[in-house]
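Remarks on the structure that follows.
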Amino acid sequence: MNTTDKYLIIGAGFVGLGMAQALKTAGMAYDHIDASDHIGGNWYHGVYDSAHIISSKKVTQFTYFPMPAHYPDFPSAQQMRDYLTSFAAHFDLPSSIELNRTVTYVRPVDNNLWEVTFADGEQRLYKGVLMCNGHHWCKRFPSFEGKFTGEMIHSKDYKHRSQLEDKRVLVVGGGNSACDLAAEAARVGKKSVISMRESVWFLPKTFAGVPITDLMQWWMPEWLQRLIAYGIIRLSFGKHSDYGMSVPQHQIFRKHPTLNNEVPYYIKHGRIRVKPAIKRLDGTEVTFTDGSCEQFDLIVCATGYHLAYPFLPKELQRVQGAIVQCYGGSFLADYKGLYYIGWGQPRGGVGSLMSASVPILVRFLKLQDEINIPVGLVLKEMGQQLPQTHLSDPQEIFRRLKLTKIFFNQIIKKANQVDAQYPHFSNPILPPLLSEKTSSLVMF
């Protein structure tokens with residue numbers, strides 16, 4: 001099987017499916033693989049059965065494939081799985097998807113091709129690799145002093161409320177998953193405590209009957225969005241001191257905001273109590289930094305994930321913290337044909353952003369076919385800087401995409417000028433993996 005004229009898409013979640021639809025529509029040959037036994041990514045293998053989306057369906061859906069009219073503003077996990085399945089079927093994507101296929105190594109070889117090694121030892125050559133393997137699979141666990149003899153799990157391991165029933169539950173974290181689980185424990189557990197190193201900004205999921213994410217418009221600068229958010233918080237949540245919490249030490253949107261109505265509600269009903277960071281573990285006893293001690297049966301660490309590409313050699317490990325050091329959100333300046341897709345975390349639904357950005361990405365892929373140097377080098381020469389954060393304002397992204405579309409012919413002109421300066425560019429070749437042991441940690 002000759003695959004040298006194809007791209008390989010790694011991952012069949014929201015981003016991978018959107019990428020596949022775009023390539024298929026553009027008539028660009030590709031293979032598509034996923035390590036799981038079904039499409040859907042995190043919505044298939046990574047969420048609890050009571051989960052609902054945080055952003056509204058309006059911004060989460062692909063704009064060219066709306067969710068069913070009977071879906072609520074915040075669809076459930078099952079509805080999201082059904083939506084992605086119907087999206088894939090509508091565009092006949094499953095026929096090109098190979099499931100239960102784990103990538104163990106990706107490296108550049110001769111002729112600017114990419115050698116991909118699979119867990120079963122098969123190797124293929126591709127013109128490019130689109131990495132859409134997501135960022136909700138490599139669990140981040142905090143380190144604690146002492147030892148806990150009760151049960152400790154990561155939030156990704158939580159699937160059903162029965163895991164919380166009649167238990168004294170401590171949830172570590174202040175993000176959306178942490179608050180969902182603390183609220184669930186407040187309903188069915190014997191005790192629910194949430195431990196946060198620092199306070200977070202609580203935004204309601206709706207305001208005046210409208211989903212919060214639908215209130216923000218493409219023309220709004222971030223300072224105006226921030227002002228609106230502060231006003232909504234004051235009118236709906238009130239002051240942190242009203243809940244026994246300190247004021248967050250960061251501006252809203254500097255970190256991911258928490259969209260949750262239930263935690264403030266249950267705090268007021270005495271069903272959730274807020275504690276500071278954990279100082280020490282001793283058996284089933286937890287000591288907090290304020291000196292208080294409590295007994296727990298279960299600790300749930302809703303402490304996020306590492307952004308990871310374990311199948312890449314060290315020379316292509318460009319992740320610093322939660323940020324991929326690439327240009328245009330996807331492109332390297334020193335290698336062509338390797339694309340980091342969907343690693344950022346915008347404040348909004350992925351579908352609307354994919355709908356707007358993927359057509360531009362396809363144009364860049366076509367431009368890459370016409371020039372010898374990496375597209376990332378072109379963007380670098382045009383003055384683009386490496387990202388400083390993994391968080392982004394979706395409205396700013398929409399504005400930038402509009403400008404990119406308008407001025408794309410200028411980008412092509414600049415690309416040809418820069419290309420002429422590097423007539424002998426070729427991807428540096430990297431050696432094969434020496435060890436017989438290859439990683440199979442990834443669920444794409």
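The values are calculated or read from the model by the stated rules, or taken from the named source; none is laboratory data. These numbers were taken from a predicted model, which means no experiment stands behind them. A quick note on method: Cβ atoms are made from the backbone with ideal geometry, for glycine too, and the neighbour counts reach across all protein chains shown.
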Report those strands (runs of 3 or more DSSP E) wholly inside the stretch 81-158 carrying at least 2 residues which are of a type in the set (D, E, K, R), surrounded by fewer than 16 Cβ atoms within 10 Å (Cβ to Cβ) and outside the structural domain of H390 (by TED's automatic domain parsing).
-> none
When the stretch 355-389 is examined, which residues are found to be in a loop (DSSP other than H, G, I, E, B) and under 22 Å from G337 (Cα atoms)?
-> I371, N372, I373, P374, M382, G383, Q384, Q385, L386, P387
Identify all residues within the stretch 203-248 that are among the basic types (K, R) and within 26 Å of P72 (Cα to Cα); write none if there are none.
-> K205
Of (1) touching a Ser or Thr at 6+ places or on another chain (Cβ under 9 Å); (2) part of a helix (DSSP H, G or I); (3) surrounded by 21 or more Cβ atoms within 10 Å (Cβ to Cβ), G348 fails just (2)
From the list D282, D334, D290, which one is closer than 22 Å to L386 by Cβ, out of contact with any Cys (no Cβ under 6 Å at 6 or more places or on another chain), touching a residue at least 12 places away in the same chain (Cβ under 8 Å) and acidic (D, E)?
-> D334
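Here's the yes/no breakdown for (1) within 30 Å of E184 (Cβ to Cβ); (2) within 16 Å of the chain's Cα centre (by Cα):
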{"position": "A12", "(1), (2)": "yes, yes"}
{"position": "A22", "(1), (2)": "no, no"}
{"position": "T25", "(1), (2)": "no, no"}
{"position": "A29", "(1), (2)": "no, no"}
{"position": "S36", "(1), (2)": "yes, no"}
{"position": "G46", "(1), (2)": "yes, yes"}
{"position": "S56", "(1), (2)": "yes, no"}
Determine which member of the set L17, L113 is among the aliphatic types (A, V, I, L, M) and in contact with a strand residue (DSSP E or B) (Cβ under 6 Å, 6 or more places away or on another chain).
-> L113
Taking the stretch 244-264, which residues are closer than 18 Å to A183 by Cβ, over 28 Å from the mean Cα position of the chain (by Cα) and either surrounded by fewer than 17 Cβ atoms within 10 Å (Cβ to Cβ) or among the basic types (K, R) (or both)?
-> G244
Quick check: anything in the stretch 383-398 under 28 Å from the mean Cα position of the chain (by Cα), free of Cβ contacts under 8 Å to residues at least 40 places away in the same chain and more than 29 Å from D5 (Cβ to Cβ)?
-> yes
